[in-house]
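Please read the structure below before turning to the comments.
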Number of protein chains: 2
Amino acid sequence: MTFESDLIETLMAPPPPEALAMMRLSLFDWAACARAAVDEPVAQITRAMVLDEAGAPQAALFGGGRAPARAAALVNGATSHALDYDDTHFAHIGHPSVAVCPAAMAVGQSVGAQGAAILHAALIGAEASVRVGVWLGRGHYQIGFHQTATAGCFGATLAAARLLGCDAGQTAHALGLATTRASGLKVQFGTMGKPYNAGIAAANGVESALLARAGMTSRPDALSCDLGFGATHHGAAVTVPDGWLFPQVSHKFHSCCHGLHAMLEALGELRSTLHPDHVARVEIDTHSRWLTVCNQAAPQTGLGAKFSYRLTAALCLAGRSTAAVATFSDAACTDPALVALRDRVVVLGDDDLTETAARVRVVLQDGTVRTAFHDLAAPLDPGHRAAKLRAKAAALLGDALADKLWQAVQSDDFGQLIG
Amino acid sequence: MTFESDLIETLMAPPPPEALAMMRLSLFDWAACARAAVDEPVAQITRAMVLDEAGAPQAALFGGGRAPARAAALVNGATSHALDYDDTHFAHIGHPSVAVCPAAMAVGQSVGAQGAAILHAALIGAEASVRVGVWLGRGHYQIGFHQTATAGCFGATLAAARLLGCDAGQTAHALGLATTRASGLKVQFGTMGKPYNAGIAAANGVESALLARAGMTSRPDALSCDLGFGATHHGAAVTVPDGWLFPQVSHKFHSCCHGLHAMLEALGELRSTLHPDHVARVEIDTHSRWLTVCNQAAPQTGLGAKFSYRLTAALCLAGRSTAAVATFSDAACTDPALVALRDRVVVLGDDDLTETAARVRVVLQDGTVRTAFHDLAAPLDPGHRAAKLRAKAAALLGDALADKLWQAVQSDDFGQLIG
């Protein structure tokens, strides 16, 4: 029994309904993030390249036009990760949907698959990418590999192989081909190379599956064998827990660094009952690890604002939508009212908190103290999660388009997601 | 000064004429190897995939048809390495032409470049792949990476970037994108994944250059920086010698394991003056390293024959063309005359020889002893090399097509090489 054969067998089991339901939410969120990014440079550049290639219109591109499945997967992967606003799986360690959904959608469209089949394939791919990510381990990420792309490629491959109707042997060869195709480095962070990595993973998965289905051979154990992908890529061959791991996925509800999200959730609980003019002081407790990541005291750019507890807290208290990308603007950094609020925020390290938790204390001018606590690791009621994702999509795209995407995803009409 | 900026500066210097002349020979040999492989499964499968995508006819495919440059690079890379008969650079460690020439030819055709520009770009790419291969070092190869693909991707990128007219900044970003795109594992050896690796490198190079020219950004120092390609891929950052390294490239003149070539060259010097029926015994001295690689005593398949001193010596003495792929057949392994000759061959390890040398002693039935010695590392007169490459091409393709390719390559009419 190799890791690969065990993986494939695990994924053949009927998935639990809650896993499929979570995949449906992730597909919706993935499409909303991509739709909001179609004018980003990385989206325009990749789209222009494949439209210039003028291939068969097998699958739709975010931003318009159609292309062969391999090409569509590249464009849609890069586009959907351009805002860095898509889902995260902390065990994976990475963003499962941006690698897997583009592959499942492109191949699904190219073969005319039903929505239910696309959803099931996407879930299998997402679960596979999480399991491969866990198996590779933290060392793989720490040394410099971008798990979203590397582990993601194997998920994209299995999603594509399923929709192409690959048999067991072809599926094993597809995984083997993916070992020699998968790539992606973290040093791309801060450049267009980061979202490109998601497109690479998706396109490589489609290509590996297409070639294996056509008879190309590889080593079926090339992930786990001596000198294989794990061995060459600093994998630790970590034992993967039983059960479906994908449902532990996290969704971003704020368009900023994930380290700020627990604070924003806690502050959000208090906001509706506070007037910003009445706030004398805000104290934020967070794990000290985050103080080196996202604690810019006085950011001067929109990008800097995404890494600032103080300014982000001010935006929240002032009633700005932290779900909207445009909220994190250069102008916000110099807005006098926001700067005045920002200067009343104090950030404190507290290592009794986990890395996913934050505590806020708001002291009002009348001396009243309001407190709240949030832990991102706490379970989120599915209905509440859905409502938050719909609100996020509305902030990104407007109510009408967000509703249209929501209806499409509820009715398995996934073709509507892209355009 | 980073490794990358030093590399780019080195390649900007006018190349020495002997380097361009060697590249011309390699282009000829590359095309001959690819033309002979168009019916191999890996060639058919990759070609069918990109023809199904039906993209713009930017560049020609070996085996017929045209495709966008990225797709043509993939097909022509895999096709040209399918027979494993293309050039080798022992410092690289790999096969430079199968990664670089497909990229240079595909982009050259897509932009309508002159032959001289394609030749120069191919040389720059090949030199770059050798230099990156040396810089990565033997450990990169030993741990399991296929330098032909990994180092080759950077060569393909620089060849493509030059033909696309990338400026210095775009070229640096292209190299940066290539670091997150490059891949290829040795565990694919013995499967179609090995020639696929060459296609991957070529296609990745074209894509990286196309995207960088369109404005995609990356880290210009992503090869050599902390957590970069070298650090993540077990690179040793070996100091690369000055001067052009590509001209030390080796060409294969026999369609079998490179470990047999010195023996075949030595035996070839004697063959014309010997009748096989008069041979009583043949003794072969070779470095003992090869005894575990290519010393199958009584192979039963054509593939096994390619790894057999004894049968290959018998083929040579019997006057069969060891340049022709078809010579290494299952039937040859059971041919009574060849088996009788094979059984008169003795193979001996001699570690006083280098790994590139072999000595043969032929004892005739009248007691006469004939000896010969060959070292593959000895310089080969350019005219002699050209004559041997033309004979190889003729053995693969017939005289007429070999002559046509030779004329094409002499007149810079490289479009004729592919079809």
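Quick rundown of the values:
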item	result
Tally, over the range A:147-192, of residues that are over 17 Å from residue A:225 (Cβ atoms) and of a type in the set (A, V, I, L, M)	13
Some residue of the range B:104-113 being β-branched (Val, Ile, Thr), out of contact with any Phe, Trp or Tyr (no Cβ under 8 Å at 6 or more places or on another chain), crowded, with 24+ Cβ neighbours inside 10 Å and within 14 Å of chain A (Cβ to nearest Cβ)	yes
The listed residue being part of a helix (DSSP H, G or I), over 30 Å from residue A:103 (Cβ atoms) and not aromatic (Phe, Trp, Tyr), out of A:332, A:386, A:358	A:332
Pairs where the first residue, in the range A:1-17, is touching a residue at least 40 places away in the same chain (Cβ under 8 Å) and part of a helix (DSSP H, G or I) and the second is among the charged types (D, E, K, R) and surrounded by 14 or more Cβ atoms within 10 Å (Cβ to Cβ), C-beta under 7 Å, 6+ apart	A:4/A:221; A:7/A:131; A:11/A:127
Odd one out for residue A:304, checked against (1) touching a residue at least 40 places away in the same chain (Cβ under 8 Å); (2) in a helix (DSSP H, G or I)	(1)
Every residue from the range B:176-219 that is surrounded by fewer than 24 Cβ atoms within 10 Å (Cβ to Cβ), more than 7 Å from chain A (Cβ to nearest Cβ) and at pLDDT 95 or above	B:213
The range B:40-57, residues that are surrounded by fewer than 21 Cβ atoms within 10 Å (Cβ to Cβ), facing chain A (nearest Cβ under 10 Å) and part of a loop (DSSP other than H, G, I, E, B)	B:54, B:56, B:57
One residue from A:110, A:26, A:97 being outside any loop (DSSP other than H, G, I, E, B), of a type in the set (Gly, Ala, Ser), at pLDDT 95 or above and within 30 Å of residue B:111 (Cβ to Cβ)	A:110
Residue within the range B:66-77 that is farther than 20 Å from residue A:217 by Cα, buried (at least 24 other Cβ atoms within 10 Å of the Cβ) and in contact with a Cys (Cβ under 9 Å, 6 or more places away or on another chain) present	no
Selection within the range A:246-303 - among the hydroxyl-bearing types (Ser, Thr, Tyr), crowded, with 16+ Cβ neighbours inside 10 Å and more than 21 Å from residue A:387 (Cβ to Cβ)	A:286
Search result, residues across the range A:116-139 that are under 22 Å from residue B:182 (Cβ atoms) and surrounded by fewer than 24 Cβ atoms within 10 Å (Cβ to Cβ)	A:139
Residue within the range A:270-277 that is in a helix (DSSP H, G or I) and outside the structural domain of residue A:368 (by TED's automatic domain parsing) present	no
Conditions (1) without any contact (Cβ under 8 Å) to a residue 12 or more places away in the chain; (2) more than 19 Å from the chain's Cα centre (by Cα); number of the one not met by residue B:379	(2)
Filtered residue count, the range B:230-259, keeping only those that are within 14 Å of another protein chain (Cβ to nearest Cβ) and free of Cβ contacts under 8 Å to residues at least 60 places away in the same chain	2
Restricting the range B:140-168 to residues that are touching a residue at least 12 places away in the same chain (Cβ under 8 Å), more than 15 Å from residue B:185 (Cα to Cα) and surrounded by fewer than 24 Cβ atoms within 10 Å (Cβ to Cβ), the residue that is nearest to the other protein chains (Cβ to nearest Cβ)	B:164
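This table checks each residue for (1) loosely packed, with under 11 Cβ neighbours inside 10 Å; (2) among the aliphatic types (A, V, I, L, M); (3) touching a residue at least 12 places away in the same chain (Cβ under 8 Å).
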position	(1), (2), (3)
A:366	yes, no, yes
A:371	no, no, yes
A:396	no, yes, yes
A:402	no, yes, yes
A:416	no, no, yes
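The values are calculated or read from the model by the stated rules, or taken from the named source; none is laboratory data. A quick note: this is a predicted structure, and the numbers were derived from the prediction, not measured. Please note: Cβ atoms are built from the backbone with ideal geometry, for glycine as well, and neighbour counts cover all protein chains shown.
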